[in-house]
Each structure stands twice: as C-alpha cells, then as structure tokens.
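Reviewing the structure listed below.
Bear in mind these aren't lab numbers, they're just calculated from the coordinates by the rules spelled out. A quick note: this is a predicted structure, and the numbers were derived from the prediction, not measured. As a convention, Cβ positions derive from the backbone with ideal geometry for all residues, glycine included, and neighbour counts pool all protein chains shown.
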Amino acid sequence: MNKRRMSFIATFAATALLQACTQEGPDPAKVQGDVAKAQADGQKMIVEAQAKLDQVNAQANKEVVNTQVDANAANAANAANAATSPAASPADNDVAKAKKDANEDVADATYNVDKAKAEAAYNVAKAQCEAQTGAAGKSCNDGAKARCDSAIAEAKAKNDAMHRRAKD
C-alpha cells in the first residue's frame with residue numbers, strides 16, 4: 001500500500017511539473033486587446049493635449065495682438081502730445097511682456113503634448129510586454145520605462161530651452 005501511495009504521489013507531482021512546464025504565457029487575445037486599448041487611450045491623451053496646445057496658442061496670439069493694439073493707440077496718443085517720443089515706451093514693454101508670456105505658455109503646452117506622446121507609447125509598450133514572461137518580460141518593461149523616461153527628459157529639456165528663449 002505504501003508503494004502505491006508513493007507511486008500516486010510521484011505521478012501527481014510529475015503531472016503537475018509537466019503541466020507547469022507546458023503552460024504558455026498570457027493569452028495572446030487578451031494581450032492584443034490590452035494593446036488596442038492602450039493605443040486608443042494614448043491617442044485620446046495626445047489629442048486632448050494637442051487641443052489644449054491649440055487653445056493656448058490661440059489665446060496667446062489674441063493677448064499679444066490686443067496688447068499691440070493698445071500699445072499702438074498709446075504710442076499714437078503720446079506722439080500727438082510730444083514732439084519726440086521715448087525710445088521704448090511703457091506700451092512697448094507691455095507688448096514684449098505679452099510675447100514672453102505667450103511663448104512660455106506655448107512652451108508648457110508643447111511639453112504636455114510631448115509628455116502625452118511619451119506616456120502613450122509607454123503604455124502601449126507595457127501592454128505589449130505582457131506577452132513575455134519572466135526575465136524577458138522584466139527586460140521589456142525596463143526598456144519601455146527607460147524609453148519613456150528619456151522622451152520625457154528630452155521634452156523637459158526642450159521646454160527649458162523654450163523658456164530661456166522667451167526670456168531673451
């Protein structure tokens with residue numbers, strides 16, 4: 001009886017080990033569904049960021065134009081009252097400040113678009129990495145995260161450069 005018991009346990013253990021060895025990775029259909037969802041969500045994120053950029057750009061242009069109109073009116077009034085006008089009137093300074101502010105707002109909105117693109121790509125890559133298991137899956141996820149971090153750092157450097165140019 002003991003021999004039978006040991007034989008049954010050995011058979012059961014061998015079956016369990018064999019089943020574990022033949023198990024495949026995640027369901028390909030589920031992975032493909034997750035990838036499609038990540039792509040759709042990413043596109044939505046990018047479109048929203050781009051729409052915000054367009055809105056910021058339009059508002060910035062409007063503010064600059066309005067400031068220029070006000071400056072032209074102020075300069076015309078000053079010229080009528082004085083024979084010589086100063087080299088840089090306060091109205092001209094207002095225009096310069098409006099342009100600087102507009103450029104900074106556009107830089108920030110551009111950064112948000114670039115960041116949304118990086119995050120969308122990362123989410124798709126993460127979903128694709130689900131198809132891999134073990135060390136390959138970890139390596140895939142690590143690579144996706146590194147590419148995302150690099151793209152965000154590049155977007156931040158571009159944003160910083162745009163801010164520096166706006167101050168000049």
Coarse-grained scattering of the range 98-161 at q = 0.19 Å⁻¹, given as base-10 log I(q)/I(0) from a Debye sum over alpha-carbon atoms: -0.70
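Using the 2.2 N^0.38 Å rule of thumb for compact globular proteins, work out how the range 30-167 stacks up: its C-alpha Rg over that value, please.
Here the answer is 1.62, to two decimals.
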Per-peptide average of other Cβ atoms within 10 Å, ordering 112-125, 27-40 highest first: 112-125, 27-40
Entries of K62/K117; K52/K138; K52/K156; K44/K138; K30/K138; K44/K167 with Cα pairs more than 24 Å apart: K62/K117; K52/K138; K44/K138; K44/K167
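Could you grab the relative contact order for the range 30-167? Cα pairs under 8 Å, six or more apart, rounded to a whole percent.
Numbers: 127 pairs, mean separation 51.0, N = 138.
Once normalised by length, the contact order is 37 percent.
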